[in-house]
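Peer 1: Provided herewith is a single structure, encoded as structure tokens, for subsequent inquiry.
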Amino acid sequence: MVATEKAGVPAVAIAARSFARAWQSCVDGWGQPNTAFVTIPHATTGQQADFIRNMVDEQIDAIIEGLTVVPAGIGRRNGASSTGKNVDLYAIEMDETPNGLNAVNDFLAERDWSDGIPVIPPTPAAVEQMLNATKRQPQEVIMVMEPGFGLATVEKIAINAVMAGCRPEQFPVLLAAIDCLAQPEMNHRDMQVSGHTEALIILVNGPIAKKAGINFGTTAMGPGVVNSANTAIGRAMRLCLINIGYCKAGSGDPNFVGLPTKFGMCIAENDEVSPWQPYHVDRGFQENESAVTLATVTGPTTIIDAASRGHEDTLDNIGSMMFYRNAGAGGWLRGWQSAQVGHTNKRVSYQGPYHPIILSPSRAVIMAEAGMSKRDAQEWLHRNCTVSLQSVLGTRGVPTGPDGTWLHHPELQHLAADPEATIPALESPDQYLLFISGGSTHYSHFFYGTYGIATRPVEEI
């Protein structure tokens, strides 16, 4: 749409009303704030053709106007300004009364610079204290955050960390998580602008977990003082996405219903009682090193395993909770494992998505006592979690070459004629991300992964 307008061809976008703010945010970010669009009451997904046609016909006059009338103020970018500085300083009258803190939060709320929960004022002194927890320079740009193309400098990240309530010893974890987000396979742009209920989960391994005060035991993914580090780090990531990436609720973030997990999720692995090697060792790190893994997920689904009497019962219970018709199972056959690089048309291949299973230590022990390694458990799930090939093919089939051969996994094409054929739900056993955390009980959590995964070391002073 924006490219069409820039080429000098008049165009009008038609969008559901719930997308209006998201549309304006998008064209603002692309430098085309005056691009015309009209709204219709409902999204077109799943609607009948006549229903869609009637909605559009009601807006035909507005569509014609958008194609023929040059808007006033063309060429101006809404709210565009630049001071040439990395950050701006604002002086806000703040005293020790509740009104003082309210003044700061009202100031932020007016500019949509918050997640809606009161924040800690990011004073220069507090930001400086946060910056002292890293060797990185304040002006270092870690990534360009979309959809607003904001420069995620170390200083800006520190500001949001203060606002979220992070302590300096937690700052290296947040920086490592954003190092992960910067990797092309994370496809963070699509995650940011998706209407799907996608959120980031930060998985922490190594000595930094205790140093940062991250809870890896009972209630690790819940509220409470014991989870203050988990909450603050996860929240800081979300504030960065809002304030640096301009992914604001209803505008840059068009998520239809929303999900409380988008406030932030951070959890550490319970290495103390896990019978298996930590996850970051699976990713090539030494056990005494600290690392952060980042995945984009939706969910969770709670797995209740009270009735199992053995390791296969437990695995069967986990597997039975994981996949349903629209969960993307078997999508690898179509070659879905690629991600868009930023706002370009380039794509990077990756093996994913990864589906994190936050596994209770007691469930891991059941498997380990039966002689199963973590790899054994992953391979069991890969072997037994299957989907019908016919359901994957559906009415669209899979991409083929000029000779009719499947472009992806041609070695399986002979199964297409078999109505009983099944394929693994995920392409690789590695995509079952087994992460041992929480209290030792019969409850676990399963998250659907949506894009790639990245793991980066934690840089400590």
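The values are calculated or read from the model by the stated rules, or taken from the named source; none is laboratory data. If you're wondering where the values come from, they're calculated on a predicted model, not measured in any experiment. Virtual Cβ from ideal backbone geometry, glycine too; neighbours counted across all protein chains shown.
Peer 1: Quick check on the range 140-167: of everything there that is crowded, with 24+ Cβ neighbours inside 10 Å and without any contact (Cβ under 8 Å) to a residue 60 or more places away in the chain, which residue is nearest to Leu101 (Cα to Cα)?
Peer 2: Val162
Peer 1: Still on this model: If only one of Ala72, Ala62, Ala49, Ala80 is farther than 30 Å from Leu151 by Cα, of a type outside the set (Ser, Thr, Tyr) and modelled with pLDDT under 70, which one is it?
Peer 2: Ala72
Peer 1: State which residue pairs qualify: first residue within 22 Å of Ala11 (Cβ to Cβ) and inside the range 48-60, second residue in a helix (DSSP H, G or I) in any location, beta carbons under 9 Å apart, and separation of 6 or more residues or different chains.
Peer 2: Close Cβ pairs satisfying both conditions: Val56/Ile63.
Peer 1: Any idea which residue in the range 211-231 is nearest to Glu289 (Cα to Cα), counting only those that are in contact (Cβ under 8 Å) with a residue 40 or more places away in the chain and in contact with a strand residue (DSSP E or B) (Cβ under 8 Å, 6 or more places away or on another chain)?
Peer 2: So, considering only residues that are in contact (Cβ under 8 Å) with a residue 40 or more places away in the chain and in contact with a strand residue (DSSP E or B) (Cβ under 8 Å, 6 or more places away or on another chain), the one nearest to Glu289 (Cα to Cα) is Ala212.
Peer 1: Within the range 288-311, track down each residue that is within 25 Å of Glu185 (Cα to Cα) and of a type in the set (D, E, K, R).
Peer 2: Scanning the range 288-311 gives a single hit, Glu289.
Peer 1: Which one is surrounded by the fewest Cβ atoms within 10 Å (Cβ to Cβ), of the residues in the range 262-291 that are touching a residue at least 60 places away in the same chain (Cβ under 8 Å) and among the acidic types (Asp, Glu)?
Peer 2: Checked the range 262-291; the qualifying residue surrounded by the fewest Cβ atoms within 10 Å (Cβ to Cβ) is Glu287.
Peer 1: Just wondering, is there one or more residues in the range 85-101 that are β-branched (Val, Ile, Thr) and at pLDDT 85 or above?
Peer 2: no
Peer 1: Looking only at the range 297-306, count how many residues are closer than 16 Å to Gly234 by Cα and either surrounded by fewer than 16 Cβ atoms within 10 Å (Cβ to Cβ) or touching a Gly at 6+ places or on another chain (Cβ under 7 Å) (or both).
Peer 2: The number of residues fulfilling the criteria is 1.
Peer 1: Which residue pairs have Cβ atoms under 9 Å apart, sit 6 or more places apart or on different chains, and have a first residue in the range 292-303 that is within 15 Å of Val173 (Cα to Cα) and a second that is outside any strand (DSSP E or B) and among the polar types (S, T, N, Q)?
Peer 2: Leu294/Gln183
Peer 1: Continuing with this model, one more query. Would you point out which residue out of Val348, Val365 is touching a Ser or Thr at 6+ places or on another chain (Cβ under 8 Å), in a strand (DSSP E or B) and either modelled with pLDDT under 90 or more than 20 Å from Thr197 (Cα to Cα) (or both)?
Peer 2: The conditions single out Val348.
Peer 1: Condition (residue is over 19 Å from the mean Cα position of the chain (by Cα) and of a type in the set (Gly, Ala, Ser)) applied to the range 154-161: is it met by at least one residue?
Peer 2: yes
Peer 1: If a residue must be surrounded by 13 or more Cβ atoms within 10 Å (Cβ to Cβ) and either charged (D, E, K, R) or closer than 24 Å to Glu459 by Cβ (or both), how many such residues does the range 121-139 contain?
Peer 2: The total comes to 11.
Peer 1: Which residues, counting only those in the range 192-225, are outside any loop (DSSP other than H, G, I, E, B), surrounded by fewer than 22 Cβ atoms within 10 Å (Cβ to Cβ) and in contact with a Ser or Thr (Cβ under 7 Å, 6 or more places away or on another chain)?
Peer 2: none
Peer 1: When you scan the range 168-180, do you find a residue that is out of contact with any Asp or Glu (no Cβ under 6 Å at 6 or more places or on another chain), buried (at least 20 other Cβ atoms within 10 Å of the Cβ) and in a loop (DSSP other than H, G, I, E, B), even just one?
Peer 2: Within the range 168-180, none of the residues are out of contact with any Asp or Glu (no Cβ under 6 Å at 6 or more places or on another chain), buried (at least 20 other Cβ atoms within 10 Å of the Cβ) and in a loop (DSSP other than H, G, I, E, B).
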